[in-house]
Amino acid sequence: MAVDPGKGQTLTPHGPAGSLRLADARAARWGALVLAAVAIFYYGLYFTNGLNLGGEGGTTAVLAMRLMEGERPHLDTFLGYNVMWFWPVAWIFEITGPHYLVMRGYFFGLCTLTAILGFFCVRRVVGSGLYALAAGISLVLVPGMIFRNYMGLLPVAMGLALVAAFVYPPARTRNRRVLYAVAGAVLGLVFLVRIEVGYPCVVIWAVLLVVGIFAPGGTLVGRLKESALAGVLGLAGLVAIHAPFLADAHGRGYARDFYNQYQAIPGLLRWELEKAFARAVMEPAPAAITAAAKETARETAPAVAQTQPAPQAPAAGGIDGRRKRPAVWEIVTGERSRDRYFAAAVYLPVLVAGGLVLGAALAGLRGLVARDARDWREGLAVGVLAGCALTLFPQYFVFRPDTPHITEFMAPFQVALFCAAGLAVRRAVEARRPVPVVFAAAAGLALVVSEWVHFGHAWPKESAGTIAARKNGPEIFEGLNGVRVRLRADRADAYRGLQDAIAKNSRPGEKILVLPYSPTIHLMADRPAYLWDLYTDNTMAGRDFDETRIREIEKYRPPVVVIDHRDINDSEASRFPNWAPVLYAYLNEHYESAGRFLTNEVFVRRPDGG
């Protein structure tokens, strides 16, 4: 015998149906622990496999170490993201010391947490433990690029908090008010990690406050009071989660820069969207408008805006040298299977998201007109979850159409899709009428095809954070700061040569220069960077990049300079010598080569300084 945790009923398994109900009840109760066990086993299979020199793990570690040393966010060092992307790693390093594998374990923990929260969300909305467990396992298997796993976690956590507080609130008044504050705190945490994700989440939260006034049930006065109370408690939660960071900013003198980033992000996003629109119509970016947007950003947040480049001429690989989306017809005409899957992974969510939003709107409106609380809640639940997922849509579809950003978006999007399909199928089974059956068939087909495309695209790719990383190995490469990983023999040999070249030509503590973006080199060689912003490429450099970097070299006199020759934006124009020819010529004149290790060329300062 077992007790259904959702209904408090005693279940006795009689026949297949009874056994299924028992299994579903147990999955609902123990699913989170099952997911944790599955994640530990699965991630353990490739925990030490692979080392991406150009991955964000290196940046996160280097900046966390800077914070540990007392550097002030946004003022002494450029973060790019908000402080909570880096502080947790710094806090962990305070205990363990800088350690690559410990940091990797932390991000795998975020993957596991995302899957568990997704499980809770699907269980709460659909009511099935086994179905929610299937959704959670899907999230475990394709977690998204490791070291960026905040991105999948934030919308899933935000969606769960909003659904729990506003769509399926607890009956007890005290519990409901706690959830209002928790939703505000989660929103504050989203802002503290990625501001550009926080703003659309504010819109979703505000819409919920407004539409709650018109919800079925209760009196208008009662709903007005409840919505106002939810708003106040939510703001209190948001302020409370910000309070310690605001106190630190004021106490250490970087409050102006901390506040200004919240003002600057909308201007910078507008500037990015202008460039994206220019790419879409294949015309040069409007220099006058772009310059005006940049000037606005500079006035509000100099520390953020000064990293943005001046308008440049179109480059190969896109109107501004960035990665381009594949043509939609490549879904059919792509030369390789991986090309067809990638194109489908880019464009299918557009169609499916449109269906989700439309279906949610129709169900919500029907519930509003008919004063049907069930329709209202189900439409609202799908709408909220789809909206939270779509906060990541511009990052992959507009700005960076690649596997890491697609898989980040798919984590919360799968939660919304599982919920929509589960609700539609449950309605069809209960109603047994043609219209619900048609909706269920459409939602079920959307889920199956989306999962098929998602796994077909992402599963074979290491950049999706999957077990495809097992292709690295079995050779052990051991660097400094806890870098002990399995690589292919040729790559391990190259990394040893790279590390030895740096160690022989520089002393511990000496700052070196690594361009355009291979921050993990700083970590594995234990050599700090003097660059304020660790990232640059052909789209970010600006016209004075060469001259600025040369002046810095003459000021800091780094003993070693490492140049990565990879096509960082998948185009010949994005190879370093092609967009920084003056700087590259300067290095050849004033430094001498100590070897080339895969794509990384090591320059050491000539004894006479050139």
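Whether any residue in the range 147-159 is among the small types (Gly, Ala, Ser) and touching a Phe, Trp or Tyr at 6+ places or on another chain (Cβ under 9 Å) is what I want to check.
Narrowing the range 147-159 to residues among the small types (Gly, Ala, Ser): 152, 157, 159.
Filter once more, keeping what is touching a Phe, Trp or Tyr at 6+ places or on another chain (Cβ under 9 Å): 152.
Yes; the residues of the range 147-159 include at least one that is among the small types (Gly, Ala, Ser) and touching a Phe, Trp or Tyr at 6+ places or on another chain (Cβ under 9 Å).
One residue stands out among those in the range 527-561 that are surrounded by fewer than 15 Cβ atoms within 10 Å (Cβ to Cβ) and among the basic types (Lys, Arg): the one that is farthest from Leu498 (Cα to Cα), which is Arg543. Total residues in the range 67-120 satisfying the condition of being closer than 19 Å to Ile521 by Cα and of a type in the set (S, T, N, Q): the figure is 1.
Here is a list: Leu67, Leu51. Which entry is part of a loop (DSSP other than H, G, I, E, B), at pLDDT 95 or above and crowded, with 17+ Cβ neighbours inside 10 Å?
Working: Leu67 fails: part of a loop (DSSP other than H, G, I, E, B).
Residue meeting the stated conditions: Leu51.
Cβ separations smaller than 7 Å between residues 6+ apart or across chains give no pair from the range 559-580 residues that are on the phi > 0 side of the Ramachandran plot and free of Cβ contacts under 8 Å to residues at least 24 places away in the same chain to residues that are surrounded by fewer than 23 Cβ atoms within 10 Å (Cβ to Cβ) and charged (D, E, K, R). Scanning the range 130-153 for residues that are buried (at least 24 other Cβ atoms within 10 Å of the Cβ), small (Gly, Ala, Ser) and not in a loop (DSSP other than H, G, I, E, B) yields Ala132, Ala135, Gly136, Gly152. If you check Pro170 against the conditions, is it modelled with pLDDT under 95 and either more than 18 Å from Pro412 (Cβ to Cβ) or part of a helix (DSSP H, G or I) (or both)? So Pro170 passes the test.
Is it true that some residue in the range 578-596 is of a type in the set (A, V, I, L, M, F, W, C), under 34 Å from the mean Cα position of the chain (by Cα) and within 22 Å of Gly57 (Cβ to Cβ)? Explain how you work it out, then say what you get.
If we filter the range 578-596 for residues that are of a type in the set (A, V, I, L, M, F, W, C), which is where we start, we get 579-580, 582-583, 585, 587, 594.
If we keep only those that are under 34 Å from the mean Cα position of the chain (by Cα) as well, we get 579-580, 583.
Now drop any that are not within 22 Å of Gly57 (Cβ to Cβ), which leaves none.
No, because not a single residue in the range 578-596 is of a type in the set (A, V, I, L, M, F, W, C), under 34 Å from the mean Cα position of the chain (by Cα) and within 22 Å of Gly57 (Cβ to Cβ).
The lone criterion from (1) closer than 15 Å to Leu141 by Cα; (2) not in a helix (DSSP H, G or I) left unmet by Pro401 is number (1).
Scanning the range 77-92 for residues that are in a loop (DSSP other than H, G, I, E, B) and without any contact (Cβ under 8 Å) to a residue 60 or more places away in the chain, we see that the one that is nearest to Trp532 (Cα to Cα) is Leu79.
Select from the range 182-199 the residues that are closer than 16 Å to Gln261 by Cα and either touching a strand residue (DSSP E or B) at 6+ places or on another chain (Cβ under 8 Å) or not hydroxyl-bearing (Ser, Thr, Tyr) (or both) and list them in ascending order. Break it down into steps so the answer makes sense when it comes.
Going residue by residue through the range 182-199, those that are closer than 16 Å to Gln261 by Cα are 188-199.
Passing the criteria: Gly188, Leu189, Val190, Phe191, Leu192, Val193, Arg194, Ile195, Glu196, Val197, Gly198.
Counting only residues that are hydrophobic (A, V, I, L, M, F, W, C), in contact (Cβ under 8 Å) with a residue 40 or more places away in the chain and in contact with a helix residue (DSSP H, G or I) (Cβ under 8 Å, 6 or more places away or on another chain), how many does the range 469-504 have? Residues that pass the stated criteria total 8. Among the residues of the range 341-382, those identified as within 24 Å of the chain's Cα centre (by Cα) and without any contact (Cβ under 8 Å) to a residue 40 or more places away in the chain are Ala343, Tyr347, Leu351, Gly354, Val357. Output the number of the condition that Ile476 fails; it satisfies all remaining conditions of (1) in a helix (DSSP H, G or I); (2) surrounded by fewer than 16 Cβ atoms within 10 Å (Cβ to Cβ). That leaves (1) as the condition not met.
The residues in the range 87-106 that are within 18 Å of Thr77 (Cβ to Cβ) and either surrounded by 16 or more Cβ atoms within 10 Å (Cβ to Cβ) or touching an Asp or Glu at 6+ places or on another chain (Cβ under 6 Å) (or both) can be counted, and the count is 7.
Restricting attention to the range 408-427, does a residue exist that is surrounded by fewer than 21 Cβ atoms within 10 Å (Cβ to Cβ) and hydrophobic (A, V, I, L, M, F, W, C)? No, the range 408-427 contains no residue that is surrounded by fewer than 21 Cβ atoms within 10 Å (Cβ to Cβ) and hydrophobic (A, V, I, L, M, F, W, C).
The values are calculated or read from the model by the stated rules, or taken from the named source; none is laboratory data. A quick note: this is a predicted structure, and the numbers were derived from the prediction, not measured. Please note: Cβ atoms are built from the backbone with ideal geometry, for glycine as well, and neighbour counts cover all protein chains shown.
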